[in-house]
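Read the structure below first, then the notes.
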Amino acid sequence: MRRARQLKDHAVEADLFRRRALVGFLLVLAALGGLAAWYFRLQVVQHAEFATRSEANRLRLVPVAPARGLIYDRKGRLLADNVAAWRLDAVPERAGDGEALLAKLQSVVALDAEQRARFLRDYRNSRPFKPVTIKLRVSDEEAARFAVDRWRFPGVELVPYLGRVYPQGALFAHVVGYVGRIDEKDQAALGDAGGAYSHTGKTGLERYYEAQLRGKPGYRRLETNVDGRTVRALDTVPATPGTDLRLSIDIDLQRAMVEAFGELEGTAVAVDPRTGEILAMVSLPSYDPNLFVNGISHADYQALNDNPSRPQFNRAVLGGVAPGSTIKPMLALAGLDSGTRTAEDKTLSTGMFYLGGQRRGYGDSHRGGHGWTDLRKSIYESVNTYYYRLALDMGIAKVDEYMDRYGFGKPTGVDLSGEIAGILPSPAWKAANASQHGKWYPGDTVITGIGQGFWKVTTLQLAQATAMLANNGWVRRPHLVKDMRADFAAAWAPVELVPPSRGSDSAAHLQAVREGMIATVHGPGTATNIRPGLTYLIASKTGTAQVVSRRGTAAMNPRSLPMHLRHRGLFIAYAPADAPTIAIAVAIEGGGYGASSAAPVARKVFDAWLLGKPVVPKQDDATPVDAASQPASPPDFSNVQGSPGAPQPAAAPVPGAPRR
């Protein structure tokens, strides 16, 4: 019997369909609700965020670097200028692999091995969104080639900027200094604003006045397409240019000072004693600061480092020397100011000074002695015995007190970074710094009196102290920047000066010291070799700073030593002595005697400043630098205010004995 076919239950199937349809509808409804909620979140809740992102994809903020402030000399001649230039920057997150980028760029822009290595190092260490410079000072031809192939290099931009140049080259390297490319340390110091700058001050005034010179960055807002190419510029917030500086230095005097040195090495500083303005400052040898602006080559840097004369070392503010006999006018003034001596008190010089119970003697330049010596004679004949005795009678504590008052043992405060304080000898200093024999002995005080031993001063400190003698006892802070202005259209505003301090209050004491210094050139002193042809008065003091000690009581002729062991020749002076407008300190490395090496340099600088005379080449000088320093009959300056009258001629120096 055929099996009966089972019939479907349509009611059950219909109910099942309705349930499934409902579930499906609910799922679709939930999905649509979720989608609507997602769109609501995107369009309403997060509208501001995504609108900003969208705008950021369309708009790009480009920092605008400010024009760096210019630097002028006292007559308005440029010492540091800006020139228009191009640089090539790459943003890592858009430019991709650095090696591949350089491989593609080599057909467009010339890059040497050092530039490639520097870029790859910076590229690896940079943040993904921070631009990294591929090459500075891109040539016009390279810029044109890159503009044609710009589409091949996403994330790479040709950026206009103002490059730094130094028209005077090596003449002002140690004064103006130079700018260099910003490194990681500079970026950290500048913070978010650092991206607008490519260079920062590294040395000299460029570093000291970096905050004023660099200005404040602005920005440009650009509209771009999907390829990142600029469609149009929307708006610009201009950058604020840096402050311009006008210095007290004169280009002509600076050049005259360098020419006066000839082939000699050393340093010199000339100041206006009335104001503390630095008129000229040189450290020789020098170097070309333009080499450092865009990154110095390895070969050039190696050449500078291998030079034993250390061209990059600023001897004027970093190099300390024993002052030698140039300290004597200041010590003589200290003896008067402290009441230890009067100007007429006399000390007997027999040629050798001995401390009680010691066999070792301390000599004078004349082995037969200078006889009875008062203050004026002690200066113009540079009588050591007078100062041996004076230092002992004052005591080292009182010597330190007055030398500190005159500006020694501490920075002058000049507007250059890194100035050293020097060393003002004292028992405390010796105990803290001498590895052996830290006890202070009377012999230490003796040699302190003639500027030897532990002494260390800079030529800037010597120039400041010399200016104090010329400026009625006022100690003024030497400074390089005279005026500033916010922009080219603004008026120059003088910088605020630090109030001077009082070095000496006694006009009579200062006058006695001045008379001795005038006789150094115009009387029977140690620098009469620079007197021929003088039409103005010079007040001065010669000095010799020993590099090696003499043995026993034997005199040492510095010309018998190798150049690097020869004594340094020193000279301090101001002129015109009756109305001073310039004071100078000169230190010649390996110069031997200050009278023969440093004094002629100062004479040429004075002639250039006071008379407008060009510097005569050394080989054409009428007077040899080693000519005898004692004329047969010195001129009479007894009628000139501030002169010492007619001092008696000094005894002839012993051959081989150090002249001061």
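The values are calculated or read from the model by the stated rules, or taken from the named source; none is laboratory data. Note that this is a predicted model, so its numbers are computed, not measured. Backbone-built Cβ (ideal geometry, glycine too); neighbour counts: all protein chains shown. Just so you know, the surface numbers come from the protein's heavy atoms only, side chains and all, with ligands and any DNA or RNA stripped out. Shrake-Rupley method; radii C 1.70, N 1.55, O 1.52, S 1.80 Å.
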Net lengthening on full extension, Ala508/Ala431 (0.36 nm per residue, minus Cα-Cα): 24.0 nm
Sequence-distant lysines (8 or more away, or on other chains) whose Cα lies within less than 16 Å of Lys346: Lys328, Lys377
Descending principal axes extents, the chain, alpha-carbon based, whole Å: 163, 53, 45
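Where does each of Arg232, Arg405 land when they are ordered by accessible area, with a 1.4 Å probe and the largest first?
Numbers: Arg232 130, Arg405 90 Å².
These residues rank, largest area first, as Arg232, Arg405.
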The stretch 81-148, Rg to Rh (Cα coordinates; Rh as Kirkwood inverse mean 1/r): 0.96
What angle, in degrees between 0 and 90 and rounded to the nearest 10, separates the Cα long axis of helix 594-606 from the longest principal axis of the Cα atoms of the chain? 70 degrees
Sort the stretch 13-113 into rounded, prolate or oblate with this rule: let a ≥ b ≥ c be the square roots of the eigenvalues of the Cα gyration tensor; rounded if a/c is under 1.5, and if a/c is not under 1.5, prolate when a/b is larger than b/c, oblate otherwise. oblate
Between the Cα axis of helix 396-405 and the main Cα principal axis of the chain, the angle (0 to 90°, nearest 10) is 60 degrees
Compute from the Cα atoms of the stretch 143-296 the Rg and the Dmax, the latter being the longest Cα-Cα distance, and quote both in angstrom. 20.7, 66
Expressed in angstrom, Rg and Dmax over the Cα atoms of the stretch 468-520 are 17.0, 51
Let me check something: with ligands and nucleic acids excluded, how do Lys328, Lys75, Lys482 order by accessible area (1.4 Å probe), largest to smallest? Lys75, Lys482, Lys328
Taking r as the C-beta separation of Ala486 and Glu263 and R0 as 45 Å, the FRET efficiency to the nearest 0.05 is 0.55
Kindly write out, for the stretch 172-177 in residue order, the coupling ³J(HN,Hα) from the Karplus curve 6.51 cos²θ - 1.76 cosθ + 1.60 (θ = phi - 60°), rounded to whole Hz, with x marking Gly and Pro. 10, 4, 7, 9, 6, x
Please say if the stretch 123-177 is rounded, prolate or oblate, where rounded means a/c under 1.5 for a ≥ b ≥ c the square roots of the C-alpha gyration tensor eigenvalues, and otherwise the choice is prolate for a/b larger than b/c and oblate otherwise? oblate
What whole number of Å gives the distance from the Cα centroid of the stretch 448-466 to the Cα centroid of the stretch 257-296? 20 Å
Cα pairs beyond 15 Å in the stretch 401-490, in percent, come to 67 percent
Largest-first ordering by accessible area, 1.4 Å probe, given options Phe313, Phe129: Phe129, Phe313
With all protein chains modelled, accessible area of His47 [1.4 Å, Å²]: 100 Å²
In square angstrom, rounded to the nearest 10, how much accessible surface does Val109 have for a 1.4 Å probe? 0 Å²
Once you have a ≥ b ≥ c as the square roots of the Cα gyration tensor eigenvalues for the stretch 347-441, tell me rounded if a/c is under 1.5, and otherwise prolate or oblate according to whether a/b is larger than b/c. oblate
Between the Cα axis of helix 113-125 and the main Cα principal axis of the chain, the angle (0 to 90°, nearest 10) is 60 degrees
At 0.36 nm per residue, and after removing the present C-alpha to C-alpha distance, how many nm does the segment from Ala144 to Gln302 gain when stretched out fully? 53.5 nm
Multiplying the sequence separation of Leu61 and Arg232 by 0.36 nm and subtracting their Cα-Cα distance, what value in nm do you get? 60.3 nm
Take every DSSP beta bridge with both residues inside the chain and express the antiparallel ones as a percent of the total, to the nearest 5. 95 percent
Trp38 - accessible surface, heavy atoms, 1.4 Å probe, Å² rounded to 10: 130 Å²
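When the Kirkwood radius is taken over all Cα pairs of the stretch 161-219, what Stokes-Einstein diffusion coefficient follows at 20 °C and 1.002 mPa s, in µm²/s?
This corresponds to a translational diffusion coefficient of 177 µm²/s.
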